[in-house]
Structure formats: C-alpha cells, structure tokens
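Below is one structure, written out as structure tokens; the observations come after it.
The values are calculated or read from the model by the stated rules, or taken from the named source; none is laboratory data. Remember, it's a predicted structure, so these values are computed and weren't measured experimentally. A quick note on method: Cβ atoms are made from the backbone with ideal geometry, for glycine too, and the neighbour counts reach across all protein chains shown. Just so you know, the surface numbers come from the protein's heavy atoms only, side chains and all, with ligands and any DNA or RNA stripped out. Shrake-Rupley method; radii C 1.70, N 1.55, O 1.52, S 1.80 Å.
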Amino acid sequence: MSSPTPPAANPWAPPITTVPGIPLRQPAATTPPTPTPTPPLDDAHLDTEATIITGAATSVLAEDDEATRIVPRRTVWSLQTGAGQSITLTQDVVLLGRNPKPSFGPADAQLVKLEDPAKTVSQTHARLDRGPAGWSVTDLHSTNGVIVVGAEGDEREILPETSTELAERFQLGDLDLRLTTAR
C-alpha cells in the first residue's frame with residue numbers, strides 16, 4: 001500500500017511515492033558528463049604538408065565520439081644508389097655504410113648497408129637526419145668523404161662532423177646516391 005504522493009517541486013519531475021517503512025529516495029542529482037580530453041597529436045615527425053587539427057575542430061572531436069580523426073600523412077622517402085639499390089627510409093636518422101654500426105646514432109636509427117663493390121664507402125660512412133626543412137647529411141670521418149650535389153649541379157665536399165642540407169643527390173666515396181619521395 002502506498003501513501004499519498006507529496007507534491008513535486010518540479011511539475012515535470014516524475015511523482016515520488018513512499019512505501020511505509022522504506023525511506024523516501026531522493027532523485028539522483030544530474031550533473032553533465034565530464035568530456036574526455038582529446039590527447040594532443042604527436043607532430044614530432046610530421047611533414048610540413050601534414051594536416052593539423054586546430055581551433056573549433058578540436059572541441060568538436062572532444063564532444064563527438066563518432067567523429068573521424070584526421071590522420072597526418074607522412075612523406076615516404078627512399079634512397080636510390082648508383083649500384084641499383086632502392087631503400088625505403090623508415091626513420092628520421094639513417095646511418096649509411098658498407099656495414100654501419102649503431103654506435104654512431106640513436107638506438108632507433110635505421111642502418112642501411114650499401115652495396116659498394118669498389119669499397120670506396122666506409123663501414124659507417126655518413127648519417128642522414130630528417131628535420132622540418134628536409135634531409136641533411138653528416139660525414140662520420142669517412143675515408144673517401146661526402147660530396148653534396150646542389151640543385152644547380154655544383155659539387156661540394158663537406159668536412160667531417162659537418163651537417164649539410166641535401167637537395168637530392170650526394171656521393172659517398174665513388175657511390176652516387178639520390179633521395180626520392182613517393183609523394
């Protein structure tokens with residue numbers, strides 16, 4: 001048996017009934033859900049061509065779990081050698097040589113073994129670094145040096161431990177190399 005319903009404070013609220021011996025249960029407080037923050041995008045390895053979400057679009061993503069996230073695209077680079085090798089570059093630091101040693105770079109550096117029948121390329125000859133402006137090369141005290149070929153075709157030998165931006169072509173010893181992109 002239920003007792004009469006007390007008047008509701010809110011005319012739109014459902015009626016609250018009481019049963020003898022059972023305390024009156026108060027309706028649960030309604031608080032708006034706390035939105036889950038959207039983690040920041042890791043843009044440490046993005047090209048300048050990458051699409052970055054900013055401003056109002058970010059807040060829409062935080063509020064809408066069904067929204068599709070924009071995936072930044074990364075340019076795929078490869079290294080072409082005069083000996084016919086084609087190597088996809090997968091890291092931002094690449095060590096080049098006939099048998100490159102990881103001690104010349106970070107633990108996650110890509111080691112690229114170059115085919116050089118003439119043996120003019122040192123075991124760990126050079127280091128490629130990818131930065132926001134593009135690729136640079138550093139001579140790692142190689143025996144036969146690094147020559148950078150400019151966009152106009154001018155050649156310049158770089159000093160050991162000197163980092164120099166690459167246009168596209170360079171030489172390690174007598175081996176010609178070319179950086180190319182798939183996009």
request  = Could you check, for segment 58-67, whether at least one of its residues is modelled with pLDDT of 90 or more and either closer than 20 Å to L177 by Cβ or among the hydrophobic types (A, V, I, L, M, F, W, C) (or both)?
outcome  = no
Complete set of residues in segment 75-97 that are over 20 Å from T124 (Cβ atoms), open to solvent by 60 Å² or more (accessible area, probe 1.4 Å) and in a loop (DSSP other than H, G, I, E, B) = V76, G84
query = Among the residues of segment 129-172, how many are aromatic (F, W, Y) and within 23 Å of K119 (Cα to Cα)?
reply = 1
query = Assuming K113 fulfils every condition listed in (1) within 23 Å of the chain's Cα centre (by Cα); (2) open to solvent by 70 Å² or more (accessible area, probe 1.4 Å); (3) modelled with pLDDT of 95 or more apart from one, which condition is it?
reply = (1)
remark   = Here the residues within segment 128-151 that are more than 17 Å from D176 (Cβ to Cβ) and assigned to a loop (DSSP other than H, G, I, E, B) are P132, A133, L140, H141, T143
